[in-house]
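*Asks:* Submitted below is the structure of interest, expressed as structure tokens.
The values are calculated or read from the model by the stated rules, or taken from the named source; none is laboratory data. Treat the numbers as computed from the prediction; the structure is a model and nothing was measured. Cβ placement follows ideal geometry from the backbone for every residue including glycine, while neighbour counts extend to all protein chains displayed. Surface areas here come from the heavy atoms of the whole protein model, side chains and all, with no ligands, DNA or RNA. Shrake-Rupley method; radii C 1.70, N 1.55, O 1.52, S 1.80 Å.
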Amino acid sequence: MNKSTGFDWISILLFLLLVAFGWVNIYSASLNDSAQGFFDLSQTYGRQGLFIGLSVVLIIFILSVEAKFYERFSSVIYLASLLSLLGLFVFGKTISGATSWYAFGGFSIQPSEFAKAATALALAKYLSDIQTNIKSFKHQLGAFLIIILPALIIVPQPDPGSALVYAAFFFPLYREGLSGGYLLVGLSFISLFVFTLLFGAIWVSIGVVLLALAILFFNRKKKKKHIGRYIAISAVSMLFAFSVNYIFHNVFEQRHRDRFNIVLGKEVDSKGIGYNTNQSEIAIGSGGWTGKGWTQGTQTKGNFVPEQHTDYIFSTVGEEWGFAGTATVVLLFIALLMRLIFLAERQKSKFSRVYGYSVVGILFIHFLVNIGMVIGIFPTVGIPLPFFSYGGSGLWGFTILLFIFIKLDSNRKATYY
């Protein structure tokens, strides 16, 4: 007999607040003289209203399905998701330079938005298997393969932004016992990449050697047996540094190189590739403490910020609601993330806990990178703000991701767990 504990209304309330405030800002960002009421489907805000309405139907369906279904069919859902991503190379429609969409008449859907929830389910199923030990290298490879497969399919679309989100799955892996060394290695390679772009491979190599010598000197009594390890790490780091230029110029596209150069201060291009970020910073800065008022943003009304209703919706918040509005949005996201962490920790099953931390990781990466790129500290990579940015696929993908966990949490005391 199932023992349902009810749905977590705090999480649901935070979701509703974010969706509602997102629509209010989409309305302002897309409002024009031809608009005919709040429900005008010819307008961006009208279509977003329709997407929100369909999300309610989706939520009812998700919450009405037996919780065990998501665990039992996680592998099937994951495989179906991989097939939907592969199918884009044959049947996909190219929008804004990326073949990431299926088009059905005037309607388009982006499968990568749903692949995140599918991957979270598959990873949760794998890690919750009684035979899986995340401390085993063999099982670590299995977990990495589940995470990497969809990312590898998404990258050549090309959609590196969506692929970047899969780094979020290190949150549940780390929670379940994965060594922090993997995170340290990842951060080290990212740092090497950035420093090499800034200072060049030779100077970075010199810095690596000096750092290794300093560590050996200060730990000479304890680390003599590890000299070979330090030499190997230094050699790999230097080889990577000298490979950065090749990766940067032959793997990255020109638009990605330009964006990195602008963020790193190597180029100033306020009218070209850096136009979006520059205008976004102007819009946010002009809002002051309390903003110019809803629908009163001059940058917004003048359409100075491209894609303002999608990836750059946060700039509308900054201009029209000021610091008070942006702080409110940030606090709402932090409250939701903290609440989900609390829910994940109280789960009785490992499957639900891993899935919960996957949800937290995905939402956090989206939140961090989107706001970071809007205020100019990260390159523009095309990552939407969850529940806020315009788009049916994005809204439905995040809704599915969140409400599956809310359903799992409501059944955490069921007897079969």
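*Asks:* Provide, as a two-decimal number, the C-alpha radius of gyration of the chain over 2.2 N^0.38 Å, N being how many residues it has.
*Replies:* That works out to 1.06 for the chain.
*Asks:* Something else now. Checking the a/c ratio against 1.5 first, then a/b against b/c, what shape does the Cα gyration tensor give for the range 1-123?
*Replies:* oblate
*Asks:* So for PHE51, PHE218, what's the accessible-area order with a 1.4 Å probe, most first?
*Replies:* Putting PHE51, PHE218 in descending order of accessible area: PHE218, PHE51.
*Asks:* Mean Kyte-Doolittle of at least -0.5 plus a Cα span of 27 Å or more along the axis: flag which DSSP H helices in the chain meet both, please.
*Replies:* Helices meeting the span and hydropathy rule in the chain are 9-30, 44-64, 180-199, 227-250, 313-345, 350-374.
*Asks:* A further question on this structure: In the range 314-411, if the dipole is taken from +1 on Lys/Arg beta carbons and -1 on Asp/Glu beta carbons about the Cα centre, which of VAL354, PHE378, LEU340 is farthest to the positive end?
*Replies:* VAL354
*Asks:* Quick one: P(r) of the range 345-417 from all Cα-Cα pairs, 10 Å bins, percents rounded to integers, in order of increasing distance.
*Replies:* Over the range 345-417, the share of Cα pairs per 10 Å bin runs 19, 40, 26, 13, 2 percent.
*Asks:* So, one more: With every protein chain kept in the model, how would you rank ILE233, ILE147 by accessible area, 1.4 Å probe, largest at the top?
*Replies:* Per-residue accessible area, sorted high to low, gives ILE233, ILE147.
*Asks:* Step by step: find N for the range 38-101, compute 2.2 N^0.38 Å, then divide the Cα radius of gyration by it. What's the final number?
*Replies:* 1.53
*Asks:* About the Cα centre, and with charges only on the beta carbon of Lys, Arg (+1) and Asp, Glu (-1), how big is the dipole of the range 308-417? Nearest 20 debye, please.
*Replies:* Here the range 308-417 has a charge dipole of around 820 debye.
*Asks:* Could you point to the residue in THR277, LEU54, TYR78 farthest towards the positive end of the chain's charge dipole, with +1 and -1 charges on the Cβ of Lys/Arg and Asp/Glu respectively?
*Replies:* So the residue furthest toward the plus end is TYR78.
*Asks:* Another question about this same structure. About its Cα centre, what dipole magnitude does the chain give when the only charges are +1 on Lys and Arg Cβ and -1 on Asp and Glu Cβ, stated in debye to the nearest 20?
*Replies:* Using only the charged Cβ atoms, the result is roughly 2100 debye.
*Asks:* Could you tell me what fraction of 2.2 N^0.38 Å the Cα radius of gyration of the range 74-122 comes to, as a two-decimal ratio?
*Replies:* After normalising by residue count via 2.2 N^0.38 Å, the value is 1.16.
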